[in-house]
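To keep things clear, I will list the structure first and then write my remarks on it.
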Amino acid sequence: MLKSAAALTLQGFQELKAFEHKKCLFCGSKQVEKNGTRDGKQRYKCTVCNKRFSSSKLDPNTLWQLYSDGKQTAAQLAQQHGCSLKTIRRHLAKAVTKAPCLTPQAAVNLIVDTTYFGRKWGIMVLYDAISKRALSVLEVKNETVALYRQEVVMLQEKGVVIQSIICDGRSGLLQAFPGIPAQMCQFHQIKIIVRYLSKKPKSEAARELRALALTLTDNTKAGFTAALQGWLARHEAFLNERSVNAETGRTHYTHKKLRSAYHSLKRHLPWLFTFEDFPALGIPNTTNLLEGKFGDMKRLLKCHHGLKKENKV
């Protein structure tokens, strides 16, 4: 009995000491008092700022994980943890949402691309296809070759060895990094051709060129080059047809979009099969790995469509 009484006394003393060291989560004051319970959890009230809070300590990083990856809304987290919506938002703001940028120990295959959130801003990402993690994330209004070059130089200054760059064929980007093998995304090239020729071209030449472009990801450099030359031999006269403007008397090419599609393939051909020239590097032939990440991010953000811009970034 004496042991039981001593145990109760010790437990009460420990609870008292814990209460003495209780601090207000809002102002840090130790002048707090018990204020009932909610869902079995002890509640406290600060006599300095008059704020009420629960005894359980909320972890900002755990809350952020539930909020972002777990698709929990702030209101659901507030109900789950028995606190106010304002408290949840305050803790989410303290979370470490940006992973530390570590210098890779091995050479990287760098996928570079930008995704946009509306018309006002976007996120430029430089992503390693080998370690499957972002090495640089930058908020931008417009993607430019100068910005890509700036971020690549920054990584090189940190000691990152870039053995290849995979990009979407933006004008000037493929030639922006001399000395580094550049691979144009074959999927983006197919999209360019479909945009010029549409999904149901009317002319035989356009239908053949579109069908040839669709074989790009399953073809080889030698096979695709030979097929493109064969197409040109069959349709060169049609490609070079000219029409006369009745008002000015000047002539112009009749099939402008077909010519644009053909010249796009011809212009980008040196970079469409770079992965074949360097088989030991394991260069991906598309930017799909990063595009998939963009898709995942945007699906998660749909659950939080009211999120502020800084929190989205």
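The values are calculated or read from the model by the stated rules, or taken from the named source; none is laboratory data. Just so it is clear, the model here is predicted, and its values are computed rather than measured. Every residue, glycine among them, receives a Cβ derived from its backbone with ideal geometry; neighbour counts consider all protein chains shown. Note: accessible area is taken over every heavy atom of the protein model, side chains too, but ligands, DNA and RNA are not part of it. Shrake-Rupley method; radii C 1.70, N 1.55, O 1.52, S 1.80 Å.
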| Looking at L212, L290, L232, which one is at pLDDT below 95 and either in contact with a helix residue (DSSP H, G or I) (Cβ under 8 Å, 6 or more places away or on another chain) or not in a loop (DSSP other than H, G, I, E, B) (or both)? | L290
| field | Close pairs (8 angstrom Cβ cut-off, 6 or more residues apart or separate chains): touching a residue at least 24 places away in the same chain (Cβ under 8 Å) and at negative phi in segment 294-309, in a helix (DSSP H, G or I) and among the aromatic types (F, W, Y) anywhere | value | H304/Y67
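Condition first: surrounded by 12 or more Cβ atoms within 10 Å (Cβ to Cβ) and either of a type in the set (G, A, S) or modelled with pLDDT under 70 (or both). Now tell me which residues in segment 4-25 satisfy that.
F19, K22, L25
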| message | What's the number of the only condition in (1) surrounded by 13 or more Cβ atoms within 10 Å (Cβ to Cβ); (2) closer than 26 Å to W231 by Cβ that F278 fails to meet? | response | (2)
| Could you list, in sequence order, the residues of segment 265-286 that are assigned to a helix (DSSP H, G or I) and aromatic (F, W, Y)? | W271, F275
| note | All conditions in (1) open to solvent by less than 70 Å² (accessible area, probe 1.4 Å); (2) touching a Pro at 6+ places or on another chain (Cβ under 9 Å) are true of F273 except (2)
| request: Would you mind finding the one in I165, I193, I180 that is over 22 Å from I130 (Cα atoms), aliphatic (A, V, I, L, M) and either open to solvent by 20 Å² or more (accessible area, probe 1.4 Å) or in contact (Cβ under 8 Å) with a residue 12 or more places away in the chain (or both)? | output: I193
| Count - residues of segment 33-65 that are in contact with a helix residue (DSSP H, G or I) (Cβ under 8 Å, 6 or more places away or on another chain), of a type in the set (A, V, I, L, M, F, W, C) and either more than 30 Å from R299 (Cβ to Cβ) or open to solvent by 60 Å² or more (accessible area, probe 1.4 Å) (or both) | 1
| task | Output the residue which, of all residues in segment 241-264 that are more than 42 Å from the chain's Cα centre (by Cα) and assigned to a loop (DSSP other than H, G, I, E, B), is nearest to A206 (Cα to Cα). | result | E241
